[in-house]
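Trainee: For reference, the structure I am asking about is given below.
The values are calculated or read from the model by the stated rules, or taken from the named source; none is laboratory data. Quantities reported herein were computed from a predicted structural model and do not represent experimental measurements. All Cβ positions, glycine included, derive from the backbone under ideal geometry; neighbour counts span all protein chains shown. For accessibility, only protein heavy atoms count, side chains too; no ligands or nucleic acids. Shrake-Rupley method; radii C 1.70, N 1.55, O 1.52, S 1.80 Å.
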Amino acid sequence: METSSLLHTFVTVICLMTGWLADYGNAQLVNCKASDRETLIDFKNELVDPKNLLSSWEGSNCCQWWGVGCNNWTGDVIVVDIHNPDKVPESYLSHNIFHSFPQWLVNVTSLMYIDLSFNSIWDSIPVGFTKLPNLRFLNLRGNGLMASTYQLFEESWSKIEVIQLGFNFVQGKLPPSIGNMTSLTHLALPGNSIEGNIPNSIFKLCSLEYLDLSYNNLTGSLPEHLEGTKYYLYESPLPHLQNLVLTRTRLVGILPNWLGQLQNLVQLNLDSNFFHGSVPAAFGTLRHLAVLILKQNELNGTLPNNLGQISNLSILDVSSNRLTGTLPDSLGKLSELSFLDVSSNCLTGIVSESHFAKLTKIKVLSFSWNSFIFKISPNWDPPFQVESLMLSSCRLGSFPGWLKSQRHLLDLDLSNANMSGPIPSWFWDISGNLSLLNFSSNSLWGQLPNKFKVHFNAFTDLSFNLLEGPIPLPTNQIIILNLSHNNFSGPIPENIGDLSFLSFFSLANNQISGEIPTSIASVIDLPRNTLTGSIPKSIGNCLYLEVLDLQNNNLSGKIPRSLGQLSDLQTLHLRDNMITGKLPSSFKGLWSLETLDLGYNRLIGKIPQWPGDAFPYLKVLSLRSNAFSGKIPSALLNLTSLKILDLAENQLSGSIPPGMSNLKAMTQEQNIKQDLIYGGVAGVYYEENVIVNTKERTLSFLTCIDLSGNNFHGEFPHEVTKLAGLVVLNLSRNQISGQIPQSISELHQLASLDLSCNMFSGPIPSSIISMSFLEFLNMSYNNFFGRIPYAGQMSTFEASSFSGNPGLCGAPLAVECSDSGPPIPRINGEIDNGDGYIVDKWIYLAIGLGFAAGVLIPYLLMAFKRTWSYMYFDSVDKVADALLYLGCKTSACFRNHCYHRR
């Protein structure tokens, strides 16, 4: 054993439990057994004793040694208590560091009590250890011990009363023989790898008082009935059970009614499983129940009204289920209740003062994410002093005046609570203890005090309101300050840098003017204001900065080279400013970057090769509407994580380089949309807001390639058709020639295709009719000829999608084909004779799918996140407001249809 100072920190075994030591009082009067003495000497020889604590361990009678206790009659060693005298004596052997299991314990057959908890023992439990005949108490929790359930319970101790093996590596199924351990009162096995069903024999253990199987991989359900179980002299199963804890055990099924027969139950915790069905009304008969936790399951139905009869109930948590109906009035009778959480359900109805009538001890109230309507008088004097009040998404109507009496508030969430009007001045008299202040997504207006009170390291979110005036700052150091989407005006205070703990600072969508102060937070979110001046070089000193969003301002000057020092930076938005110069080579240091959005600026020069190697995690690259020139560097195609490539509206030339199939992130069809979120601080994140431009709408977070409005020539890049996950492809307003390949139909998820204003020729490939997700198509002003394959999804597009191609004929154009032309294949392989009217049911299915995709994709994208819908309409306004005309490839094209709308 490695023991440079083990004795100084160890606590060895053992039996100090009241009642078990009745014979220990005069143990020093007897002589110990020689075998026990030799075992202790061997143990001592393995230790280094720098404080000489074992100096008394000499002589033949080990019962007189310090820390050793013997049975007064037999001389057996039953106690070895050599805990560090500088530590708490109740620790015994626990909270130390054994590197291997003390094998000598197997030889001390008289031991009754063993506590080796929290010792980092990464070892196997030795063979024979489970057969110690007198062992009654075993605590090995919090180690890395390996054992099988067969070893522990098939070869079990006959007299064992307490087993604590939590957070080890116990594996296997619980055997039915566990029901033979009739003396067992405490069984705790949380945090292991136990699997399979809970054997019914456990419910025959009439002495059991505590059962904890949490954090395992159990399967199956609790038995609906305890058939065949004999309760002996008792009227209910598990007559002495006080604690039943089955958190995160993956159990399914309904909650059986027999749980309501456990009349001595004090704690029932079924947190985070897959139980469904209703909450049994029988729970209301559990008179001793103090803790009822059913959160994060799939329970439905209503809450039983008789829950208010559980007079001892202190904690009730049914959050994150599917419960419906109203909140029972009877809950207001629970005078012992200190914690009530019904959040994230489908509860409705009116919450009134009667729901809180006798809740004098309540400290936590969480009603968030339901559909409650609060009808409480602003002059109400609550019977409680709450510490955590979470009413997000409840309908409060106005700021709750009854908060004025709450002097112990620590967490307050009234977000999305339908509040309007000003924040009353008295609120800032009670806000000084708040660690969480969330009033976001309401209609609060008026000014805030220049210095408002919150607690040290608080999270403050006042976003999405109508607040105005100068930017307020807290009187204390805080971590999060979100003032975005309000009407704050004026400059950013110069002393913002004094908030050195600030990790998330957002003023997005306000009327902030002036220059950016030289010191600021580690998440800088200042878009859509009227900031001027240049980007401060000092931002490069924020070495832990993850987000820098300065888009949609009036910033000018060059990008400071110091930004290249931000190796933790994940998203950089400088879009829509007046920034000049070239891409600084110092950006090579931004190896964590996932989003680089520099669009709508005045950047010049060639796009360098190094981004292809410097940004291994880059998902978004937008350089649109600048003055970049030259060819697309082939190294850009090394960006295997890239999902958005937007180089539109520049002065790029040459042919599109081969190797598009190297963009691996675009080759997989997108079945699940993944959010791009950064800078997470205590559950608060910056949400990415990249915009992909199409002719008819802006869509966020799609797989996109936009090379429009440049001077590219050559043929259609055939390797693009291998990018099966592509949703938007825009090659318009270039000089690209050649034919469109039939393999274009392999882009199964393509929703927008714009090839207009080029020099494409040949027929439109007939395979295009199978692209059922296609909702926008523009092939105008090219040299296409022949009959338009007007079937399937193609039959949903109007003539404007094909105009400017003198050689095209057939519907939807008014130009009739001079001859029958080549037949158009139908989706099911049949032939359309050219009249454009196909009534096959598969055609209608394709059309329906196309329309569904066209409507649902933007709708779902906007409905899923409020910020996305804001970005959608913001960009629509921008498209309508600003026009940037670019040169076109033919004069007719320019005169009539080819321009770019910014």
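Trainee: Among Lys722, Lys695, Lys673, which is the only one that is more than 28 Å from Val547 (Cβ to Cβ), modelled with pLDDT under 70 and among the charged types (D, E, K, R)?
Mentor: Lys695
Trainee: Continuing with the same structure: Of (1) modelled with pLDDT of 95 or more; (2) within 29 Å of the chain's Cα centre (by Cα); (3) surrounded by fewer than 19 Cβ atoms within 10 Å (Cβ to Cβ), Ser415 satisfies all except one. Which?
Mentor: Exception for Ser415: condition (3).
Trainee: Looking at region 521-544, which of its residues are in contact with a Gly (Cβ under 8 Å, 6 or more places away or on another chain) and farther than 16 Å from Asp568 by Cα?
Mentor: Passing the criteria: Leu531, Thr532, Gly533, Ser534, Ile535.
Trainee: Could you grab the pairs with beta carbons closer than 7 Å, sequence gap of 6+ or different chains, first residue in region 479-491 and more than 11 Å from Ser440 (Cα to Cα) and at pLDDT 95 or above, second one hydrophobic (A, V, I, L, M, F, W, C) and open to solvent by 20 Å² or more (accessible area, probe 1.4 Å)?
Mentor: Short answer, once both residue conditions are applied: Asn487/Leu466.
Trainee: Just to check your reading of the model, which residue among Ser91, Ser56 is modelled with pLDDT of 85 or more, open to solvent by 20 Å² or more (accessible area, probe 1.4 Å) and either touching a Pro at 6+ places or on another chain (Cβ under 9 Å) or not basic (Lys, Arg) (or both)?
Mentor: Exactly one of Ser91, Ser56 is modelled with pLDDT of 85 or more, open to solvent by 20 Å² or more (accessible area, probe 1.4 Å) and either touching a Pro at 6+ places or on another chain (Cβ under 9 Å) or not basic (Lys, Arg) (or both), namely Ser56.
Conditions tested, residue by residue: (1) open to solvent by 10 Å² or more (accessible area, probe 1.4 Å); (2) of a type in the set (A, V, I, L, M, F, W, C); (3) modelled with pLDDT under 95.
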site: Leu755; (1), (2), (3): no, yes, no
site: Ser766; (1), (2), (3): yes, no, yes
site: Asn778; (1), (2), (3): yes, no, no
site: Phe784; (1), (2), (3): no, yes, no
site: Ala791; (1), (2), (3): no, yes, yes
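Trainee: Taking interchain pairs and intrachain pairs at least six residues apart, which have beta carbon atoms under 8 angstrom, with the first residue in region 714-731 and farther than 13 Å from Leu753 by Cα and the second in a strand (DSSP E or B) and open to solvent by 20 Å² or more (accessible area, probe 1.4 Å)?
Mentor: The qualifying pairs are Gly714/Ser655; Gly714/Ser737; Glu715/Ser655; Glu715/Ser737.
Trainee: I'm trying to understand the selection: among the residues of region 619-645, which are under 23 Å from Ser743 (Cα atoms) and outside any loop (DSSP other than H, G, I, E, B)?
Mentor: Leu637, Ile644, Leu645
Trainee: On to the next question. What is the residue count in region 446-475 for residues that are assigned to a strand (DSSP E or B), aliphatic (A, V, I, L, M) and more than 13 Å from Leu499 (Cβ to Cβ)?
Mentor: 2
Trainee: Check region 603-618 and report whether any residue there is at pLDDT 95 or above, assigned to a strand (DSSP E or B) and either within 20 Å of Leu548 (Cβ to Cβ) or open to solvent by less than 20 Å² (accessible area, probe 1.4 Å) (or both).
Mentor: Within region 603-618 (the criterion being at pLDDT 95 or above, assigned to a strand (DSSP E or B) and either within 20 Å of Leu548 (Cβ to Cβ) or open to solvent by less than 20 Å² (accessible area, probe 1.4 Å) (or both)), the answer is yes, since at least one residue qualifies.
Trainee: Let me ask something else. Taking region 113-128, which residues are modelled with pLDDT of 80 or more and either open to solvent by 20 Å² or more (accessible area, probe 1.4 Å) or part of a helix (DSSP H, G or I) (or both)?
Mentor: Those that are modelled with pLDDT of 80 or more and either open to solvent by 20 Å² or more (accessible area, probe 1.4 Å) or part of a helix (DSSP H, G or I) (or both): Phe118, Trp122, Asp123, Ser124.
Trainee: Name the residues in region 143-161 that are open to solvent by 20 Å² or more (accessible area, probe 1.4 Å) and under 38 Å from the mean Cα position of the chain (by Cα), would you?
Mentor: Of everything in region 143-161, those that are open to solvent by 20 Å² or more (accessible area, probe 1.4 Å) and under 38 Å from the mean Cα position of the chain (by Cα) turn out to be Met146, Ser148, Tyr150.
Trainee: Another question, then. Check Glu235, Glu209 and return the single one that is of a type in the set (Asp, Glu), modelled with pLDDT of 95 or more and over 21 Å from Gln296 (Cα atoms).
Mentor: Answer to the check: Glu209.
Trainee: Scan region 454-497 for residues that are open to solvent by 30 Å² or more (accessible area, probe 1.4 Å), polar (S, T, N, Q) and over 17 Å from Phe427 (Cβ atoms) and jot them down.
Mentor: Across region 454-497, the qualifying residues are Asn457, Gln477, Asn487, Ser489, Asn495.
Trainee: Further, regarding this structure: Please pick out the residue among Leu550, Leu566 that is farther than 14 Å from Pro527 by Cβ, open to solvent by less than 10 Å² (accessible area, probe 1.4 Å) and among the hydrophobic types (A, V, I, L, M, F, W, C).
Mentor: Leu566
Trainee: Inspect all residues belonging to region 293-301 and state whether any of them is within 22 Å of His186 (Cα to Cα) and either in contact with a Cys (Cβ under 7 Å, 6 or more places away or on another chain) or open to solvent by 20 Å² or more (accessible area, probe 1.4 Å) (or both).
Mentor: The answer is yes, given that some residue of region 293-301 is within 22 Å of His186 (Cα to Cα) and either in contact with a Cys (Cβ under 7 Å, 6 or more places away or on another chain) or open to solvent by 20 Å² or more (accessible area, probe 1.4 Å) (or both).
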